[in-house]
Amino acid sequence: MAEGATIVRPPPVDVEKSIVENALELTPLADIGPVSDHLDGDVFTNTRPLWRPVGARGIYGGGVIAQCLSAAQRTVRPSFIVHSMHCYFVLAGDPGIPIVYHVERVRDGRSFATRTVQARQRGRPIFTTTMSFMDEGSGGENVVTHAAKMPEGLEGPWEDRGDGAKSAVESWILDIVNDDSSDTSTKKTRLWIRARGKISPEGGHQAHLSALAYMSDSYFIGTIARIHKLNRGRNWKFQPRVAPSTAKRPPPTLPSSSSPEQQKTPEISMMVSLDHTIYFHSPRDFRADEWFLTEAESPWAGDGRGVVMQKIWTREGKLVATCFQEGVVRTKPETAPPKGEEMKKKESKL
């Protein structure tokens, strides 16, 4: 654990809770000491250090997204459930510095409530989000309904191998749909994902919502890299879960950065998320510790940015969330050949 990563020393891991519940635990600052009157006590901090993926510029964005949601959920009435969340990544989060979450109670209406949460490190905002909550059942009896169908005939998911992994989630990556198409916008990436272990009854549906928010950022803007087959460099290793020998066919792997195929593709110089949106469709109709299928596609990329849309279904085929993300996707310029090589090319053309 990095020294200074939390305001107070983290308590022992609660073995009655799942890994993701422990990872996302919050501490109200009012429990630590006096809080200014104008803050109404709606200020929280991370109880445990947050994870930074290998090779990443900062902490995993899904952790901050989920903790902001968790903080906001503590300030609304129990019958109010989140239905939309609009987020902006402002600065890369430093895993060695505590995060303080400030919740603003923007509005409390009869059917809807609005909350804004700002995550700060050393007094500077690193992340901001606005969420809308709806009083359950206030939509009326006669409602218009439709939902996108989950793809059929997919392989997996395969059960956990029981390999003692300590990650908060487990996932299986599937083949890219239309991978050979010349139209990149028609390609789709698919992933089975769930929270590892069992989320405790104590956490309620709020814990499942926070876990879903946490997982929604997995491989999200990375969709751009996969569908364009971009080289992510020698310091980054793509390691999808390998299917058991009983499976028909294992999930695919990407070419290594040293393979001839990958050396021919542009190498990423920067890939970071700018914003993130989640629409929760059925906030109480799923468990985050059971399998979800995610399907992501990109309608557009250009000007150093890319947009990705993601649908999330339960294993039974119920659409529970739709997400959007825009991020910076920049590639390194092609290096000019040595002068001697350039002269040889010119001479060969004469």
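Here L274 clears all of (1) open to solvent by less than 50 Å² (accessible area, probe 1.4 Å); (2) touching a strand residue (DSSP E or B) at 6+ places or on another chain (Cβ under 7 Å); (3) of a type outside the set (D, E) except the condition numbered (1). Scanning segment 93-142 for residues that are touching a Cys at 6+ places or on another chain (Cβ under 7 Å) and closer than 21 Å to H281 by Cα yields a single hit, T129. Mind checking whether some residue in segment 301-319 is among the hydroxyl-bearing types (S, T, Y) and touching a Leu at 6+ places or on another chain (Cβ under 6 Å)? Taking every residue of segment 301-319 in turn, none turns out to be among the hydroxyl-bearing types (S, T, Y) and touching a Leu at 6+ places or on another chain (Cβ under 6 Å). Looking only at residues in segment 75-93 that are farther than 17 Å from R107 by Cβ and of a type outside the set (G, A, S), the one that is farthest from the chain's Cα centre (by Cα) is P78. Selection of segment 163-196 for residues being touching a helix residue (DSSP H, G or I) at 6+ places or on another chain (Cβ under 7 Å), open to solvent by less than 40 Å² (accessible area, probe 1.4 Å) and either in a strand (DSSP E or B) or not β-branched (V, I, T) (or both) yields A168, V169, K187, T189, I193, A195, R196. The residue that is most open to solvent (accessible area, probe 1.4 Å), counting only those in segment 131-154 that are at pLDDT 90 or above, of a type in the set (D, E, K, R) and over 23 Å from the mean Cα position of the chain (by Cα), is E152.
So for segment 168-178 (the condition being of a type in the set (G, A, S) and free of Cβ contacts under 8 Å to residues at least 12 places away in the same chain), does at least one residue qualify? For segment 168-178, residues of a type in the set (G, A, S) and free of Cβ contacts under 8 Å to residues at least 12 places away in the same chain: absent. Taking the criterion of being free of Cβ contacts under 8 Å to residues at least 60 places away in the same chain, more than 20 Å from the chain's Cα centre (by Cα) and surrounded by 17 or more Cβ atoms within 10 Å (Cβ to Cβ), the only residue of segment 96-113 that qualifies is A113. Does at least one position in segment 176-190 carry a residue that is under 22 Å from the mean Cα position of the chain (by Cα) and closer than 30 Å to K17 by Cβ? Yes, some residue in segment 176-190 is under 22 Å from the mean Cα position of the chain (by Cα) and closer than 30 Å to K17 by Cβ. Only strands (runs of 3 or more DSSP E) whose full extent lies in segment 64-130 are considered here, and the ones with at least 3 residues that are farther than 25 Å from S218 by Cβ and modelled with pLDDT of 95 or more are 100-108, 112-121.
The residue list P125, P151 contains one member that is in contact (Cβ under 8 Å) with a residue 24 or more places away in the chain and touching a strand residue (DSSP E or B) at 6+ places or on another chain (Cβ under 6 Å), which is P125.
The values are calculated or read from the model by the stated rules, or taken from the named source; none is laboratory data. Just so it is clear, the structure is predicted and the values come from calculations on it, not from any experiment. A quick note on method: Cβ atoms are made from the backbone with ideal geometry, for glycine too, and the neighbour counts reach across all protein chains shown. Protein only, heavy atoms only, side chains kept; ligands, DNA and RNA dropped before computing areas. Shrake-Rupley method; radii C 1.70, N 1.55, O 1.52, S 1.80 Å.
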